[in-house]
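J.: Take a look at the following structure, please.
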Amino acid sequence: MIITEGARPANREPTRATAAYAIIRAVPATFTQRFQVRFDECASDGTARAAALLRYVIETAFGHSTHEGFPLAWYNARGLFWLVRRAHLDLHRPMPYGTALDVTTEVLGFRRIWARRRNTVRDTSSEMLAIVTMDWIFTDRAGNPARIVPEMEAAFPGKSPRLEIERLELGDPPAGLEPLEYVVPAHQVDPRGHMNSAAYLDLLEDALTDAGVDPQERPAVYELEYLRAALPGEVLRRFVWQQNDGWAMVASTPEGMPVVKARRQRGTDFGGRADA
């Protein structure tokens, strides 16, 4: 099921003003897509892993783009792509196998080469289960930052031009901490030819499980900052350590070039209210 909001109001003549409203909206449109938690997306407790939720959110962003006239073929033809730079997942409630989830995405704003989306996840009773904020970088075929094209700015008008990408400051790993090596497997590579953004959450949660931490405990907050694409067969050195009230991870190349930073902390349950 796909639901869209922000179209021209019903029962109005398509005047010049309302026709313009249908193309360039005064407020950013939202786009909702429904998913059902699959068996293979669940951990041993029968609830969805964090990586599954991130995949839903990314797929909904793709759906929104396609609905507005920018399908994957449009990007491929022009050698332009969106890459995730930053993700903040606020997970409030477990999502058991079979749960129907409505993921709603909204573009909050643009800068020259990046955009921010706010995504909410609700069950069919409208109970809020999670909020995910993501920063996306617009790139060319080689992965270099590119200016967002005017037609895309017109289709996705943002609320604020003053947004700033926040950095995830973790500090250095503890002295003497030995890294774990990880070889990027082919099954975690997406159509862009590199390790999928959600796979890094699996990488962190595997390490948490090894440390005796239950990654399915909710509420929880995950933060990720993506710094470099990891290619199939590439070796990553993964440092994972306990930090304050949570856990931190830095994955880098053998030469020390950082690939991703991530952190998991205990979250706060906001009671599932719909206006969170």
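J.: Could you look through region 116-165, keep only residues that are basic (Lys, Arg) and within 15 Å of His64 (Cβ to Cβ), and pick out the one that is surrounded by the fewest Cβ atoms within 10 Å (Cβ to Cβ)?
T.: That would be Arg118.
J.: If you check every pair at least six apart or on different chains, which have Cβ atoms under 8 Å apart with a residue in region 94-108 that is at positive phi first and a residue that is part of a loop (DSSP other than H, G, I, E, B) second?
T.: Taking only residues 6 or more apart or on different chains, the pairs are Gly98/Val37.
J.: Confirm whether Ile113 is surrounded by fewer than 21 Cβ atoms within 10 Å (Cβ to Cβ), within 28 Å of Arg38 (Cβ to Cβ) and within 18 Å of the chain's Cα centre (by Cα).
T.: Taking the combined requirement at face value, the residue does not satisfy it.
J.: If you scan region 70-101, which residues turn out to be over 29 Å from Ser126 (Cβ atoms), among the small types (Gly, Ala, Ser) and either assigned to a strand (DSSP E or B) or modelled with pLDDT under 95 (or both)?
T.: Residues satisfying the conditions do not exist here.
J.: Checking the conditions here, which among Leu168, Leu236, Leu208 is assigned to a loop (DSSP other than H, G, I, E, B) and either exposed (fewer than 13 other Cβ atoms within 10 Å of the Cβ) or of a type outside the set (Gly, Ala, Ser) (or both)?
T.: Leu168
J.: Do any residues in region 117-143 that are closer than 23 Å to Arg49 by Cβ have Cβ atoms under 7 Å from those of residues that are among the small types (Gly, Ala, Ser) and surrounded by 20 or more Cβ atoms within 10 Å (Cβ to Cβ), where the two are at least six apart or on different chains, and which pairs are they?
T.: Qualifying pairs under 7 Å: Arg117/Ala61; Val121/Ala130; Val132/Ala87; Met134/Ala87; Trp136/Ala115.
J.: I would also like to ask the following. Go through the residues of region 178-187 one by one and say whether even a single one is touching a helix residue (DSSP H, G or I) at 6+ places or on another chain (Cβ under 7 Å) and in a helix (DSSP H, G or I).
T.: no
J.: Could you grab the pairs with beta carbons closer than 6 Å, sequence gap of 6+ or different chains, first residue in region 43-60 and of a type in the set (A, V, I, L, M), second one modelled with pLDDT under 95 and buried (at least 24 other Cβ atoms within 10 Å of the Cβ)?
T.: Between residues of region 43-60 that are of a type in the set (A, V, I, L, M) and residues that are modelled with pLDDT under 95 and buried (at least 24 other Cβ atoms within 10 Å of the Cβ), there is no close pair.
J.: While we're here: Mind telling me which of the residues Glu59, Glu106 ends up being part of a helix (DSSP H, G or I), acidic (Asp, Glu) and under 15 Å from the mean Cα position of the chain (by Cα)?
T.: Only one candidate passes the filter, namely Glu59.
J.: Looking for something closer than 16 Å to Leu236 by Cβ, β-branched (Val, Ile, Thr) and in contact with a helix residue (DSSP H, G or I) (Cβ under 9 Å, 6 or more places away or on another chain) - is there at least one such residue anywhere in region 145-164?
T.: no
J.: Among the basic types (Lys, Arg), touching a residue at least 24 places away in the same chain (Cβ under 8 Å) and under 27 Å from Arg141 (Cα atoms): which single residue out of Arg228, Arg238, Arg264 fits that description?
T.: Sole residue among the options that is among the basic types (Lys, Arg), touching a residue at least 24 places away in the same chain (Cβ under 8 Å) and under 27 Å from Arg141 (Cα atoms): Arg228.
The values are calculated or read from the model by the stated rules, or taken from the named source; none is laboratory data. This one's a predicted model, so the numbers in the text were calculated from it and none came from an experiment. Note that we place each Cβ from the backbone using ideal geometry, even for glycine, and neighbour counts take in every protein chain shown.
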